[in-house]
Amino acid sequence: IGNCPSGDGSVTFGSHNVASGAHSTVTGGFNNQVDGDSSTVTGGGYNVASGTASTVTGGLNNQVDSFVSSISGGTGNHIYANASYSSILGGSRHDIYGEWGTSALLSLNSTNSTDAQMIPNHHSEERI
C-alpha cells in the first residue's frame, strides 16, 4: 500500500498517501499528500493540502496551499498560498489567488481565476 504517516499525530489510509504535517490526515484515495499542519485530504487522487488547516475532500489533481482553505472536489483546481480563507466548490481548473476568494462555479472544462471575488463563467451552469 505504501502509506506514510510521518507527521506527529498524523494518519493515512488508502494507497500511496503521505501525511507529513503535524496532526494531518489522508483518509482514502491514492497518491495524495498532506504537508500542512492540521490539514486533511479525504479521498480522490493526486491531491495536495499544504496550507495549515486546509482541506481537499476529493477529486483529482487539486491543490490547497493557503491557510484555512478548501477544495470540495473537481479536477485541476488550485488555491494559492496568499489566498487564505478561500474555497472552491468543484469544477475544473479554477484558481484563487487573493484572500477570502470563493469559486462557486460547478461547470466542467472551464478556466477561471479569482482575486477575492467570484468570476462568472461563460458556460451555462447552475449557481448556488
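The values are calculated or read from the model by the stated rules, or taken from the named source; none is laboratory data. In this text the structure is predicted, and so the values were computed from the model without any measurement. Don't worry about glycine lacking a Cβ; one is built from the backbone with ideal geometry, like all the others, and counts go over all protein chains shown. When the accessible area is computed, the model is the full protein with side chains, heavy atoms only, and any ligands, DNA or RNA have been set aside. Shrake-Rupley method; radii C 1.70, N 1.55, O 1.52, S 1.80 Å.
Selection within segment 17-41: residues that are of a type in the set (A, V, I, L, M) and either open to solvent by 50 Å² or more (accessible area, probe 1.4 Å) or assigned to a strand (DSSP E or B) (or both). The member of this set that is nearest to LEU60 (Cα to Cα) is VAL41. Scanning segment 26-65 for residues that are more than 13 Å from VAL11 (Cβ to Cβ) and of a type in the set (A, V, I, L, M) returns VAL48, ALA49, ALA53, VAL56, LEU60, VAL64.
Restricting attention to segment 47-92, the residues that are open to solvent by 10 Å² or more (accessible area, probe 1.4 Å), part of a loop (DSSP other than H, G, I, E, B) and closer than 15 Å to SER20 by Cα add up to 4. Evaluating GLY14 against the criteria (1) open to solvent by less than 50 Å² (accessible area, probe 1.4 Å); (2) modelled with pLDDT of 95 or more; (3) touching a Phe, Trp or Tyr at 6+ places or on another chain (Cβ under 9 Å) leaves one unmet condition, (2). For segment 70-128, filtering for residues that are among the acidic types (Asp, Glu) and modelled with pLDDT of 50 or more leaves 2.
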